[in-house]
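Notes follow the structure.
The values are calculated or read from the model by the stated rules, or taken from the named source; none is laboratory data. In this text, all values refer to a predicted model and were calculated from it rather than measured experimentally. So basically every Cβ, Gly included, is an ideal-geometry build from the backbone, and we count neighbours across all protein chains shown. Remember, those area values only see protein heavy atoms, side chains included, never the ligands or the DNA or RNA. Shrake-Rupley method; radii C 1.70, N 1.55, O 1.52, S 1.80 Å.
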Amino acid sequence: MTASVVSEDLDTYRLRAREWLAANMPKQQVVEELVAEGDDDEQWLRARELQAILFKGGFAGICYPREYGGQGLAPEYQKVFTEESAGYEMPILLNVPTLSICAPVILDMGSEEQKLEYLPKVLSGEIVLVQFLSEPSGGSDLAGLITRAERDGDVFMLNGAKTWSTSAYAADYGLCLARTDSTVPKHRGLTMFLLKTDLPGITMRRITQVNGSTEFCEEFFDDVVVPASQVVGEVNNGWAVASRQLFWERTAVGGGSPYVSGSGNRNAAEGELDLIGVAEETGQLADVRVLELIGESYAMHEVQDNLIARVTAAITADQLPGPAASIIRLFHAETDQRDDDIGLAIAGGAAVTGKVGVRGPGEMGTRYLMRQGASLGGGSTEMSRNIISERVLGMPREYAADRDVPFNQVKRSR
Ligand SMILES: Cc1cc2nc3c(=O)[nH]c(=O)nc-3n(C[C@H](O)[C@H](O)[C@H](O)COP(=O)(O)OP(=O)(O)OC[C@H]3O[C@@H](n4cnc5c(N)ncnc54)[C@H](O)[C@@H]3O)c2cc1C
């Protein structure tokens, strides 16, 4: 790996990044055909290759510490690199959750051995990480999960099920939260594991969504033997690890992660939402009502960018508590869903009759089918509002019948 020059000023860094990108990274091709999420094995391989090129060139993990394979630079350097990388093919698929949620959890909560073992492999594209949090019984009450891991000497025996695991089919490890003690209240008996996805006893299935995507997976665990060395943080203190993970998830979903590199959607072929293109294609570029809708979308994104900058700066400076990341997570859903509504309104009937799987008005129809995803993925917006009211504004806590009750004595429906 090329050593980075820590004292380099931003302008010099920008020029060096510009030259390196031109010499080493392939130019982004404009692809009209959209690849269905879940049907994208080649894109995952490509993302790993591209990440390896960044790593070799000293431009991977720009804000990760140098001792774990990163560059140890401030977020401004990442921002500059992302600006310069526009127009180049980048491993966008690895941004969420691998680089912006899971690896930061290992960095913040993992043992020294785990950081040295896994982080360089993540940053070089060798391993992909995902999240095994939600369960068929529900995701909002995360601490109430029922997947259990029983200790047997140096190993744990894992049994249960997880669901809605984005991109798990392409992953090497998942951060998996399980119950290790049910005799204590729900938050106190949990443990986080870095679980290898191909261990004997794990059955992974794809879930087909209404838009045709099969990127979600569900996993069933039957007597999976997990080495105790895979515990992240302490046994029965998994809630602390999960809380950190939720912080990074809200930050990433909200658009404020310092660990993402490059811009654009996870689907490399998709590119940014193109409302002007849709208006042009449907002959409405001179329609004032349509221009107002496009202007509204641009204004929302401008507000979002400034909100992200303000909230992340305030959290970094301890002027706002960590749970304030829910503010940008919530605004992401508002912006995303308004975009979907606007896209559909402009495309009109062409959203239904337009060609599916290519950019243009038809894309607005399939985007709209996924509209509600933005208010669920990364924790629901209702939960974000709860967190903002209770932990940022200091309003009274929501009543919970299971508070301080040992988990095995909590009444639950069959
Ligand atoms: C795009 C996307 C990606 C995802 N990726 C992953 C992933 O990689 N890994 C993973 O583990 N999960 C993932 N999820 C699952 C996601 O975390 C859950 O959908 C989410 O936490 C909500 O859980 P649930 O769907 O079980 O709804 P439930 O928890 O059953 O909630 C149902 C509804 O009730 C509301 N509700 C529940 N409790 C309260 C309360 N106390 N106050 C007010 N309202 C409440 C919720 O807001 C929601 O609207 C993903 C989901 C989406 C849409």
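Assorted remarks:
- Under the span-like rule (Cα at least 18 Å along the axis, Kyte-Doolittle mean at least -0.5), DSSP H helices of the chain: 238-254, 288-316, 325-347
- Under the criterion of Cα pairs below 8 Å and six or more residues apart, the relative contact order for the chain equals 16 percent.
- Percent carbon-and-sulfur accessible area, the chain, ignoring ligands, DNA and RNA, probe 1.4 Å: 53 percent
- Beta bridge orientation in the range 130-240: antiparallel %, DSSP, nearest 5: 85 percent
- Peptides 118-128, 81-91, 293-303, 350-360 ordered by average Cβ neighbours within 10 Å, highest first: 118-128, 81-91, 350-360, 293-303
- Between S243 and D223, full extension at 0.36 nm per residue minus the direct alpha carbon distance yields a gain of 4.5 nm.
- Within a Gaussian network of the chain (alpha carbon springs, distance under 10 Å), most fluctuating of T197, T316, T163: T316
- Built amide H within the under 5 Å cut-off of F132, gap 5+: L175, C176, L177
- Karplus (6.51, -1.76, 1.60) ³J(HN,Hα), θ = phi - 60°, over the range 92-97, in Hz, Gly and Pro reported as x: 4, 4, 7, 4, 10, x
- Using the 1.4 Å probe convention, the accessible area of the range 130-240 works out to 41 Å² per residue with neighbouring protein chains retained.
- Contour excess over end-to-end distance, with Cα ends at H301 and M204 and 0.36 nm allotted per residue: 31.2 nm
- In nm, spacing of pseudo-spin labels at D274 and R289 (7 Å Cα→C-beta vector): 2.5 nm
- Two-site label geometry, E8 and D41: point separation in nm, points 7 Å out along Cα→Cβ: 3.8 nm
- Average accessible area per residue (Å²) across the range 272-392 - probe 1.4 Å, nucleic acids and ligands excluded: 50 Å²
- Net length gained if the chain between E334 and Q29 were fully extended (0.36 nm per residue, minus Cα distance): 106.7 nm
- GNM remark for the chain: springs join alpha carbons under 10 Å apart, and the peak mean-square fluctuation among R371, R397, R385 falls on R397.
- Most fluctuating residue given options E19, E249, E218, as computed from a GNM of the chain linking Cα atoms under 10 Å: E19
- Relative contact order (%) - criterion: Cα under 8 Å, at least six apart; region: the range 345-412: 14 percent
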